[in-house]
1. Checking the structure you have, find out if any residue of the stretch 129-143 is touching an Asp or Glu at 6+ places or on another chain (Cβ under 6 Å) and either surrounded by fewer than 23 Cβ atoms within 10 Å (Cβ to Cβ) or under 19 Å from ILE68 (Cβ atoms) (or both).
2. List every residue pair whose Cβ atoms lie under 8 Å apart, where the two residues are 6 or more positions apart in sequence or sit on different chains, the first residue falls within the stretch 84-100 and is aromatic (Phe, Trp, Tyr), and the second residue, located anywhere, is surrounded by fewer than 23 Cβ atoms within 10 Å (Cβ to Cβ).
3. Checking the conditions here, which among LYS29, LYS42 is over 23 Å from the mean Cα position of the chain (by Cα) and among the basic types (Lys, Arg)?
4. Inside the stretch 212-230, can you point out the residues that are of a type in the set (Gly, Ala, Ser) and part of a loop (DSSP other than H, G, I, E, B)?
5. Which of the residues spanning the stretch 31-78 are under 24 Å from GLU107 (Cα atoms), surrounded by fewer than 18 Cβ atoms within 10 Å (Cβ to Cβ) and in contact with a Pro (Cβ under 9 Å, 6 or more places away or on another chain)?
6. Hand me the list of helices (runs of 4 or more DSSP H) wholly inside the stretch 93-211 holding 3 or more residues that are hydroxyl-bearing (Ser, Thr, Tyr) and in contact with a strand residue (DSSP E or B) (Cβ under 7 Å, 6 or more places away or on another chain).
7. Cβ-Cβ under 9 Å, sequence separation 6+ or interchain: first residue in the stretch 151-170 and closer than 16 Å to LYS190 by Cβ and at pLDDT 95 or above, partner assigned to a loop (DSSP other than H, G, I, E, B) and of a type in the set (A, V, I, L, M, F, W, C). Which pairs?
8. Failed condition for GLU32, given (1) outside any loop (DSSP other than H, G, I, E, B); (2) charged (D, E, K, R); (3) within 22 Å of ARG122 (Cα to Cα), with all others met?
Amino acid sequence: MANDFILQDKTEQADDYNERGISYFNLMKYPEAIQQFTKAIKINGKDPDYYFNRGLTYYSMKMLEQSISDYKKAIELFGEHSDYHNALGSALEDLGKMDEAMAEFNEAIKIENDVPDYYYNRGNVFWKLKNYDEALKDYSRAVDLNSADQIFIYKRYQAYMELKNYEKALLDIDSALKLVPEGYLYKMEKANLLVKLSRRNEAIEILESIKDKAPDATVIQDRIDEIRANKP
């Protein structure tokens, strides 16, 4: 009975360190968070969340090798958690290990196939590999799952642009602007796209509408002059 109480006390103590670590993490006090998560792990090295949380902290500090080590330990302890695989994929992608990153995003999607971020992240790997057709599929799936995130829509727009599918790209940039009506960069993108579609007057109209709000109005005016001179 006494041993049960000791074990319970240790578990509660580890959880307490973990919660403190989360608090420090949320305050962006990463070294302090690392200390707390490490204390939790020393008491209970069988809880995958402790390694995962420490891995997230290392990742936030751009200490990728350490984050990967912790993510892998979390997966070793509990391999059916999709977020663990997704996080590991992101760290591997940042290190340029695209094949390994792809495998982890695939595993995350296999475990849980309705999370838009997983498709978006895998799409980014396809994008970096210049496989724009597959990137488009994943960005489209992310949009299908969450059409309120303009980042998903914008990345699909970029994929359509790479594939020279300008009509569908126009639909997406319009959708992004509905979500962010004052999106200055989106309006610039739309103007340049309209030029590709030989709709130069509309492009000039958009650029004129944002000229007064632009950080540098001369850049916008130069672009207007280019379009009037029939430059691409």
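The values are calculated or read from the model by the stated rules, or taken from the named source; none is laboratory data. These figures come from a predicted structure and were not determined experimentally. We place every Cβ from the backbone using ideal geometry, glycine too, and count neighbours over all the protein chains shown.
1. yes
2. TYR84/PRO48; TYR84/ILE75; TYR84/PHE78
3. LYS42
4. ALA214, ALA229
5. If the condition is that a residue be under 24 Å from GLU107 (Cα atoms), surrounded by fewer than 18 Cβ atoms within 10 Å (Cβ to Cβ) and in contact with a Pro (Cβ under 9 Å, 6 or more places away or on another chain), then GLU76, LEU77, PHE78 are the ones that fit.
6. Counting at least 3 such residues, we get no helices (runs of 4 or more DSSP H) at all.
7. Listed pairs, sorted by first residue: TYR166/LEU197; GLU167/LEU197; ALA169/LEU163; LEU170/LEU197.
8. (3)
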